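Undergrad: Supplied in structure tokens, the structure appears directly below.
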Amino acid sequence: MNSADLVKAEKVKKFWDAYRACVEARPIPPQRSGYYVRWVQEFVDFQPETKLRDRSAADIERFLKFLGEQAGLTDWQVKQAAYALRLLYEQFLPSYHPDASGGATGTAGPLAFRDRVLQRLGRQGRIQPRQCVPQPLLKNHLGVAFPLPLGEGQGEGIAGR
């Protein structure tokens, strides 16, 4: 690996470590936080050509619908994935500021994305535009509200896929 690859790998590692810390700041046990990181990594892999800050609410809905159609995934796992994305866009990205050597981009991208998602969902009457509300506000493609009430379904992860 050349030095540019090493710097990029370190930035990626810092990002995932910071997201894991955000998850663990919730009442989610550290031994379960890896499941939330994995859901977001799967969301990244679902549409790798589009940066997280450039994704739309429709992209999130497509991903959750895709998960719901996968054999072996249960409803609570789809809800867990939805909650992982909600933490990502409502709590983590708006406050994530990598240091200048890590390529700080500011918060305009994530905040703009979050605002677009909240405005769209607000127009549909599906969400109230407020931040850090740990209660069900949206429904997935199955009509199940998410995010999960804290403590429900957070212990099993994505095992058995």
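No value in this document is a laboratory result; all are computed from the given coordinates. This one's a predicted model, so the numbers in the text were calculated from it and none came from an experiment. Using ideal geometry, Cβ is built from the backbone for each residue, glycine included, and neighbour counts are taken over all protein chains shown.
Undergrad: For region 33-97, with only Lys/Arg (+1) and Asp/Glu (-1) charged at the beta-carbon, what is the dipole magnitude about the Cα centre, in debye rounded to 20?
TA: 140
Undergrad: I would also like to ask the following. So which lysines pass the test for LYS51, namely a Cα distance under 23 Å, with those fewer than 8 places away in the same chain ruled out?
TA: Filter leaves LYS8, LYS11, LYS13, LYS14, LYS65, LYS79.
Undergrad: Please list, by residue number, every one of the trypsin sites (Lys or Arg not before Pro) in region 13-105 that is coil in DSSP and has at most 16 other beta-carbon atoms within 10 Å.
TA: Hits after loop and neighbour filter: LYS51.
Undergrad: Could you tell me the calculated FRET efficiency between GLN31 and ALA58, based on Cβ-Cβ distance and R0 = 35 angstrom, to the nearest 0.05?
TA: 0.55
Undergrad: Now for a different question. For the residues ASP45, ASP75, what sequence is obtained by ranking on other C-beta atoms within 10 Å, fewest first?
TA: If I rank by nearby Cβ atoms, fewest first, I get ASP45, ASP75.
Undergrad: Between ALA71 and ALA18, what is 0.36 nm times their sequence separation minus the Cα-Cα distance? Round to one decimal in nm.
TA: 16.0 nm
Undergrad: A further question on this structure: Net charge within 10 Å of SER33 by Cβ-Cβ distance, Lys/Arg positive one each and Asp/Glu negative one each, not counting SER33 itself?
TA: After counting each charged neighbour, the total is +3.
Undergrad: Hey, rough spin-label estimate for GLU49 and ALA4, points 7 angstrom out along Cα→Cβ, what's it come to in nanometres?
TA: 2.2
Undergrad: Between rounded, prolate and oblate, where does region 1-86 land on the alpha carbon gyration tensor, with a ≥ b ≥ c its root eigenvalues, rounded for a/c under 1.5, else prolate if a/b exceeds b/c?
TA: oblate
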